[in-house]
Structures are given as C-alpha cells and as structure tokens.
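Engineer: The structure is given below, and queries will be raised subsequently.
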C-alpha cells in the first residue's frame, strides 16, 4: 500500500480543519438561534474517520451516510456556502432548504445523501452498488453507519443482501461509543462491531483507530480494492463525538463521567493533532502551510455564514409543493382549494 | 386486431415482460420471483428468458427489498420490486414512506426514484388475520408515491406499463382474487392501451346513483348495478383505478348527474378511501347532494379463519344493493 504523499497529507489537514471550523461555528450558531432546526449532529471528533477513508476512493465511486453528514459533504467538495445555507433553510441551500442538516447530497459528487432514519440508508447503499454490478462497472459504494444502526433490521437485511449479491459496498461502522445516549455494551451483544460481518460471510477488515487518518486510510485502501474486485467489506472505526448525539444533547452537561471521558479523548486522541504531529514529523517545517489551512478554514466558514444569512428563505406554495413528484404536479389539493369538477 | 380473454395475472405478466424487453434498465426482484417462477406466477418463465441478472430472488427481507429498490432507482435502474403479499409490505413501510416517497422532496428534486412496488392484496381465502388485508389507502396517505389498483386485465396491463415508465415511485396493488379473472386483451400492444397515471374510468353508465370503487369493489359494484337494473335503478360505476392521484373530476361529473353516491371498497372503513371520497363530495358537491353518501367497506374487525364469519366481514354485491336502496 503506497504511503500518502506530503500533498495528500496537507490536503487531509485542510479538510479536517475545515470540518472542525464548520461544525464548531454551526454549534455556536445553534446556541445563538441563527440555526433553528431541532436536529444538528456534528462531525467534530470524527474527522479522521471520513477524511482517511474517503481518500481511498476515486471520483466515480459513491458515498452515502446517515444524518451526521456535514463532514462527509465537505470532504467530497460540496460548496460550504450551499451547505451552510441548507443549515439555515435557505433557498440557496444544497437541498433548497427542504432537507436541512440531515439531508445534504450532491449528485455531481456521487454523494447520495444523508438520511435521517437510523439504518434507512443501508439498503439504498446496496441498491446503488447493485446498479454498478448490473452495469458491469467496478465503482464502489462507501457507506457510513453509526454503531447504533448495527442493531436494527436494516443492518442485518442489507449486509446479508450485499453478501449474496456480491455488492461492492464498504460498510464503515463509525463506532463513537454511543447510540444516542446508550453505550455500545448496553445495546449490542457483540461489542466488537466489525465481527458482525462474520454472520453474513462478509470479510471484515477489522477494528481501526478512527482518530488516526493514516491508519484509517491504509485499511480503507485495502477494503476498497477488495470490494472493487470481490464484494462487500466491513471496517469498524473507533472514534468519538465531541458534541454529543446532537446539539440538543445535554449529556455532557449533566454527566461528569462523560465530560471526563470527552476531555480524555480530546487530550489523547485528537484527530487533527494526530495528523498534524505526523505531518511535522515526516515532512519537517510545514507549519506555514498548516497555518494557512487553518486561516482558510476560518475565512471559508465566515463567508459561508455571511452568504447563508444574506440568502432568501423559500416562500410560498410553489416552494412548498415543488418536487413532490416529477412532471405535472399531482399533489393533493387541500379541500378548500379543490374546485368542483376541476381537479 | 384479435382480442382474447386472458387472466389478469397473464395481462400483468405480459406488461412486465414487454417492458423488460423494451428497456434494459427494468429488472425484477423479490421473494420467489425467479426459480419458483413467482408465488402468483406473474414472473413465470422470466428467469429462463432474462437470466439471474434481471430476475433476482431475494431473501425474506422486506426492509431491504423496499430500500434496495430505492437506491437502484436513484442510481438509474428501473426496479420492479415484488412484495409477495401486501401484508409483508408493512415491514417495508419505512423504506416506502420515508425513502421512496420522500427522497425526491427532501433533496429538492436532485434525484428521481423510478420504481414500482408490486404487491398482491386482498382477503377471502381463509388466510387469517395477518394475511388478510386490502390496505392500499395506507400507502395512498403519503405524498410522493402513486398508488394503482387495477380491477381487470386490460387496465392492469395498461396501468403497470405506465407505472414502469413513469419517473415517480408507484405502489401497484394486485388483487389476488382478481388474478384468475379473465378479461379481453388485444393480442397486439398499442400505446393507446397505456392508462395515464391518475385517470379513472366509467365502467357502466347510469343516471340514478354513482358507485365509486376500485379493484375488487368494481366487480361488486357491477354485480350490484345489474341487480339494481332489474328493479329499474340505473347505477353508474366509477372505477378510480388510482388511489393517488384521485380522478375526482370523474366522480364529480357523475355525481352532478346522479346526486347520490355509494362508495365501495375492500379495505377497512376507518380513515379510508370511502371517508376521503365522501369528504370531498360534501365539501365540493354539497349543492348537488340529494341524499347522504353511503359507504360499503369491510367490517371493522381483524379477519377470522372460519369461512362463514370471514365472509360476513367482507363487502359483497348485496351489501352494495342494500346501501343503494337506502338512498334511492
């Protein structure tokens, strides 16, 4: 497996710095009620998991995830302005203000979206991979799954289907220790989540330090190569969420043991620091380049906030009803507007 | 053009086969669709003709059947996913309602989901409570998906072809009781046989009362209309064919003429097709209404096994006749 070049490492740092800045600003905006949606699940702490694994993909591959999707969108190169505008429900948002935080997507980046029902996107991933098999293409579908989703029926049915149909899916379990507020050990009989692959005859590539982008990249590269040629693969990334399940999560305020746990992760296993230390050790004096990326992240996110706040909200019935169906709108008219004999 | 009588299941089979021949992106998936030749024999011979790539047996995994079809459709295929019975589609309700029907909306038109869910529906064979449902209105509750419910071979043929070609998701409900029912179908296919999404049909003309129905309810209504005619009452039978979108214009035009209406359905009575049509009529046709709207539906009870009490719960032509005589 080739080691990542200096340019690759610097680009990973750029991505991770951008995600952290974006998420922390989102958190502030939520507290200030400038982002008003009830759901906002931040990727802070998870950065190496997404950045390291997606570095193993090529442009024609596919990506799909659950609701913790901001980081995935930014890694793929979605415009930070459009992503921030979506947080604020603006017309200029990537989903026109109709999806919000949990429903980012970009057809041009083969990003099939963030999904809001735990496990709900897993069969979609299998279906997207089926299209590649059906058409004889060797593109893979990288699918991010929370630890909690490994306990529901979608996980079982989708992994099993991917096995019997040899679908090129890399099932990445981002194990951040908690399904909402429930520890993995209280929710799953098998706590080494990657071992669930065995039940379906799927090859597991094991448990990986999800805070170390290099380790993540190495294993993802092997799994991607395997999936392209053979079929499904499972990887477990051990990671941690810095901002709880969602921003409305009060657990870190009320539970001292969890605050201590969070501090320990931030002190010992901070993904951006781990990458930074590696880059400095391997490539000497690149401090200026790293500082420039930090500065760029601040600038990009500040501009995104400015753009989003200046953008218009979608308004009116056309905006409300549009894109329910393709073609002539077949939306049920509210009774008051049903003209007699004219529907 | 030669026309012959074929069973509704054969009409569905022919429509599906022709669409697979016409468009390479159409494929079928579901439990027992390939080697078993289809539980209801709709995909008989498909495996041999199209091979395993396009005729895909699935495990007993309804959540995945529902969701894999969504992903494949988003990615550019045209899945026709079969639920062996509509009872099993309850297991896939999240995939159907939260994903198939909403993906286009919550990404504001970025993706399309051109899939068809086929499901065999209905009751009356002592199949017992959990296998005895005609729950189409549940699926029609949700915007983002269409629901088609044919009552005969020719309609089934034309509606399924339209459903497969349409770029929106469609739930296509096939009455098990109607599968063997013969109906005329031309030997040669012409585009005119395609039934537009949301277009209902007058199955019998009459000026005294409007019977609004779909699927099996159309048969009960036609039988009732023949019985009523012997008593000098002429019933008009409106087959809506699609529960979403609803062809209310057709119902309103008939109601303006008859001023009376009985709604007939195999489904349960609460929050139902009948409730919906009755509500729309009273809101929009109040000035034309000469009598209360009546509804004939199944009894509000889970279905028993034993034959006599099972049939007691089902609608039938006599119940339609009785309802009409209360208001004419």
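Engineer: I'd like to verify a number: residues in the stretch A:105-123 that are surrounded by fewer than 23 Cβ atoms within 10 Å (Cβ to Cβ), facing chain B (nearest Cβ under 8 Å) and in a helix (DSSP H, G or I), how many?
Structural biologist: Matching residues across the stretch A:105-123 total 1.
Engineer: Identify the single condition in (1) over 24 Å from residue A:271 (Cα atoms); (2) in contact with a strand residue (DSSP E or B) (Cβ under 9 Å, 6 or more places away or on another chain); (3) part of a loop (DSSP other than H, G, I, E, B) that residue A:37 does not satisfy, given that it satisfies every other one.
Structural biologist: Unmet condition: (2).
Engineer: Can you name the number of the only condition in (1) free of Cβ contacts under 8 Å to residues at least 60 places away in the same chain; (2) assigned by TED's automatic domain parsing to the domain that holds residue B:280 that residue B:241 fails?
Structural biologist: (1)
Engineer: Then there is this: Being touching a strand residue (DSSP E or B) at 6+ places or on another chain (Cβ under 8 Å), farther than 19 Å from residue B:255 by Cα and either assigned to a helix (DSSP H, G or I) or within 14 Å of another protein chain (Cβ to nearest Cβ) (or both) is the filter here, so list the residues in the stretch B:179-207 that pass it.
Structural biologist: The answer is B:193, B:197.
Engineer: Give the number of residues within the stretch A:225-236 that are part of a helix (DSSP H, G or I) and either surrounded by 24 or more Cβ atoms within 10 Å (Cβ to Cβ) or at pLDDT below 95 (or both).
Structural biologist: 1
Engineer: Check whether at least one residue in the stretch B:39-48 is over 21 Å from residue B:157 (Cα atoms) and within 14 Å of chain A (Cβ to nearest Cβ), and report yes or no.
Structural biologist: Scanning the stretch B:39-48, I find no residue that is over 21 Å from residue B:157 (Cα atoms) and within 14 Å of chain A (Cβ to nearest Cβ), so the answer is no.
Engineer: Run residue A:86 past the list (1) in contact with a helix residue (DSSP H, G or I) (Cβ under 7 Å, 6 or more places away or on another chain); (2) modelled with pLDDT of 95 or more and report the number of the one that doesn't hold.
Structural biologist: (1)
Engineer: Tell me, please, whether a residue that is more than 20 Å from residue B:16 (Cα to Cα), out of contact with any helix residue (DSSP H, G or I) (no Cβ under 9 Å at 6 or more places or on another chain), in contact (Cβ under 8 Å) with a residue 12 or more places away in the chain and part of a helix (DSSP H, G or I) can be found in the stretch B:73-93.
Structural biologist: no
Engineer: If only one of B:266, B:299, B:310, B:326 is buried (at least 23 other Cβ atoms within 10 Å of the Cβ) and more than 14 Å from every other protein chain (Cβ to nearest Cβ), which one is it?
Structural biologist: Sole residue among the options that is buried (at least 23 other Cβ atoms within 10 Å of the Cβ) and more than 14 Å from every other protein chain (Cβ to nearest Cβ): B:266.
Engineer: Taking residue B:35 as meeting all but one of (1) without any contact (Cβ under 8 Å) to a residue 24 or more places away in the chain; (2) buried (at least 24 other Cβ atoms within 10 Å of the Cβ); (3) in a loop (DSSP other than H, G, I, E, B), write down the number of the exception.
Structural biologist: Failed condition: (2).
Engineer: Looking only at residues that are loosely packed, with under 13 Cβ neighbours inside 10 Å and not in a helix (DSSP H, G or I) in the stretch A:263-285, which one is modelled with the highest pLDDT?
Structural biologist: Filtering first and then ranking leaves A:284.
Engineer: Inside the stretch B:208-263, can you point out the residues that are part of a loop (DSSP other than H, G, I, E, B) and either touching a helix residue (DSSP H, G or I) at 6+ places or on another chain (Cβ under 7 Å) or more than 14 Å from every other protein chain (Cβ to nearest Cβ) (or both)?
Structural biologist: Once the filter is applied, which keeps residues that are part of a loop (DSSP other than H, G, I, E, B) and either touching a helix residue (DSSP H, G or I) at 6+ places or on another chain (Cβ under 7 Å) or more than 14 Å from every other protein chain (Cβ to nearest Cβ) (or both), the stretch B:208-263 yields B:208, B:214, B:215, B:231, B:232, B:233, B:234, B:241, B:259, B:260.
Engineer: List every residue pair whose Cβ atoms lie under 7 Å apart, where the two residues are 6 or more positions apart in sequence or sit on different chains, the first residue falls within the stretch A:314-336 and is farther than 27 Å from residue B:115 by Cα and more than 7 Å from chain B (Cβ to nearest Cβ), and the second residue, located anywhere, is at pLDDT 90 or above and surrounded by 15 or more Cβ atoms within 10 Å (Cβ to Cβ).
Structural biologist: That search, which allows pairs on different chains as well, returns A:314/A:91; A:314/A:96; A:314/A:97.
Engineer: In the stretch A:61-81, is there at least one residue being within 13 Å of chain B (Cβ to nearest Cβ), buried (at least 23 other Cβ atoms within 10 Å of the Cβ) and free of Cβ contacts under 8 Å to residues at least 24 places away in the same chain?
Structural biologist: No, every residue in the stretch A:61-81 fails to be within 13 Å of chain B (Cβ to nearest Cβ), buried (at least 23 other Cβ atoms within 10 Å of the Cβ) and free of Cβ contacts under 8 Å to residues at least 24 places away in the same chain.
Engineer: To continue, here is another question. For residues that are more than 14 Å from the chain's Cα centre (by Cα) and closer than 18 Å to residue B:158 by Cβ, tally how many sit in the stretch B:203-236.
Structural biologist: 1
Engineer: I've got another one for you. In this structure, does residue A:93 turn out to be within 12 Å of chain B (Cβ to nearest Cβ), more than 14 Å from the chain's Cα centre (by Cα) and crowded, with 24+ Cβ neighbours inside 10 Å?
Structural biologist: So residue A:93 passes the test.
Engineer: Here is a further query. From the list A:149, A:197, A:126, A:185, pick out the single residue that is in a helix (DSSP H, G or I), free of Cβ contacts under 8 Å to residues at least 60 places away in the same chain and within 13 Å of chain B (Cβ to nearest Cβ).
Structural biologist: Details: A:149 fails: free of Cβ contacts under 8 Å to residues at least 60 places away in the same chain; A:197 fails: within 13 Å of chain B (Cβ to nearest Cβ); A:185 fails: within 13 Å of chain B (Cβ to nearest Cβ).
The unique qualifying residue is A:126.
Engineer: Evaluate the stretch B:141-162: report whether one residue or more is out of contact with any helix residue (DSSP H, G or I) (no Cβ under 9 Å at 6 or more places or on another chain) and more than 9 Å from chain A (Cβ to nearest Cβ).
Structural biologist: yes
Per-residue answers, yes or no, for (1) surrounded by fewer than 24 Cβ atoms within 10 Å (Cβ to Cβ); (2) over 14 Å from the mean Cα position of the chain (by Cα); (3) assigned by TED's automatic domain parsing to the domain that holds residue B:306:
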site	(1), (2), (3)
B:68	no, yes, no
B:107	no, yes, no
B:130	yes, yes, no
B:143	yes, yes, no
B:160	no, no, no
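Engineer: If you scan the stretch B:130-155, which residues turn out to be part of a strand (DSSP E or B) and closer than 22 Å to residue A:323 by Cα?
Structural biologist: B:146, B:147, B:148
The values are calculated or read from the model by the stated rules, or taken from the named source; none is laboratory data. Because the structure is a prediction, the values reported are computed rather than measured. When we count neighbours, we look across all protein chains shown, and the Cβ atoms used for this are built from the backbone with ideal geometry, even at glycine.
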